[in-house]
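Everything below concerns the one structure shown next.
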Amino acid sequence: MNPWLNAALAGPAVLVTVAIAEGSVPREAGAHMLVTADAQADTIGGGHLELCALEVARAMLREAAALGSATTTPAPQLQRYALGPTLGQCCGGVVYLAFELVDAGLTQTLAVLQQDQRSDYWRLSALDGAAASMLLDADGHLLNGAGDVRTLLPAFEYARTTQVLRDEAGRRWLADAVLAPRAHLLLFGAGHVGAAIVRLLGELPCTVSWIDEREDMFPAELPSNVRIEATDVPEALVASAPAGASYLVLTHSHALDQRLSEAIVARADVGWFGLIGSQTKRVQFERRMAARGLPAERIAAMVCPIGLPGIRSKLPAVIATSVCAQLLMVWEAQYATPADSR
């Protein structure tokens, strides 16, 4: 889900962050890339921009190596790139990249972020003067580093975007919003299709609760954004799910599919609900739910069959690809921000 956080890169590293994105650019503010002398994790968009960023990051690493154990280290940098005039890229926008040597303080921050990728954090890092950094939780509590963020940056707001701010003395700070994905999926069923979907979702910006009563069906290794729920009462997880969550039902039992469908349709705050099956199965389920008095508009909102129109293959990998594309379309619309429409 976050390759730059989950990377196991050996040796010194530089964290590259898209601090400001103006106009048409390859990646959004808050995108990251972790760079070592001979490797990188994640991307800030590729192309000439990324090549230039790699050169700057590795120059910082060479400078740090030359300094050795000296108390001074390469200072953070904020570089401006006009993609058209400077780099010859057709995007035409402007990108500001922040470059930070991963020192002891940043290492500690990255460890916290890696351990909990389901919560929101804000990372404050000085871009001028001596290195200084802070990590704040979603409520603004200081987790590591030193300083009073309210005094230091009185204008700081917990916005959902990474930005560059100035304190009262004019010093620039990177306010990096490291936010958990808003999209959450409850996936019922650990069969072939469910497993194929989980493999794809492991690379996407979402969190997944993967649910089945058959504990032995789950693989030993899972993506970092997936949690297993082995339970004989999966309906209880529907009742406790957060508002706006998405649901995907593809269990081994039509009777269980029916119970789960009724529990999901009974909720008024479902973000999206997909049920694997044919049009015939949909009609049967609709009749049973209508007979139980469930609201007609919620029954009509149920997606069955699942997947994008025109993709007919029954191969688990094909179904998974189609369904994940469908989910991405739903989530893009559901969690769009004003910045997305620029």
> If you check Gly145, Gly129, Gly140, Gly170, which single one turns out to be surrounded by 17 or more Cβ atoms within 10 Å (Cβ to Cβ), farther than 30 Å from Thr321 by Cα and not assigned by TED's automatic domain parsing to the domain that holds Ser240?
Replying inline: Gly145
> Would you say Asp116 is at pLDDT 85 or above, under 20 Å from the mean Cα position of the chain (by Cα), among the acidic types (Asp, Glu) and loosely packed, with under 14 Cβ neighbours inside 10 Å?
Replying inline: yes
> Within the stretch 1-55, which residues are modelled with pLDDT under 90 and farther than 21 Å from Leu174 by Cα?
Replying inline: Met1, Asn6, Ala7, Ala8, Leu9, Ala10, Gly11, Ser24, Gly46, Gly47, His48
> Quick check: is even one residue across the stretch 68-75 touching a Gly at 6+ places or on another chain (Cβ under 9 Å), at pLDDT 90 or above and within 27 Å of Leu165 (Cα to Cα)?
Replying inline: no
>> I want to confirm something. Restricting to the stretch 226-260 and keeping residues that are surrounded by fewer than 20 Cβ atoms within 10 Å (Cβ to Cβ) and of a type in the set (D, E, K, R), which single residue is nearest to Gln326 (Cα to Cα)?
In response: Arg227
> Is there any pair linking a residue in the stretch 276-298 that is more than 24 Å from Leu327 (Cα to Cα) to one that is polar (S, T, N, Q), with Cβ under 6 Å and at least six apart or on different chains, and which?
Replying inline: none
> When the stretch 135-150 is examined, which residues are found to be touching a residue at least 24 places away in the same chain (Cβ under 8 Å) and within 21 Å of the chain's Cα centre (by Cα)?
Replying inline: Leu135
>> Kindly evaluate Thr207 against the criterion of being touching a Gly at 6+ places or on another chain (Cβ under 6 Å) and at pLDDT 90 or above.
In response: no
>> Filter the stretch 302-317 down to the residues that are of a type outside the set (Gly, Ala, Ser), touching a residue at least 12 places away in the same chain (Cβ under 8 Å) and surrounded by 13 or more Cβ atoms within 10 Å (Cβ to Cβ) and list them by number.
In response: Met302, Val303, Cys304, Pro305, Ile306, Pro316
> Which of the following residues is in contact (Cβ under 8 Å) with a residue 40 or more places away in the chain and part of a loop (DSSP other than H, G, I, E, B): Ala10, Ala29, Ala57, Ala19?
Replying inline: Ala29
> Restricting to the stretch 26-72, what's the tally of residues that are surrounded by fewer than 15 Cβ atoms within 10 Å (Cβ to Cβ) and polar (S, T, N, Q)?
Replying inline: 3
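The values are calculated or read from the model by the stated rules, or taken from the named source; none is laboratory data. Predicted, not measured: the structure shown is a model, and the values here were computed from it. Cβ: placed from backbone, ideal geometry, glycine included. Neighbour counts: every protein chain shown.
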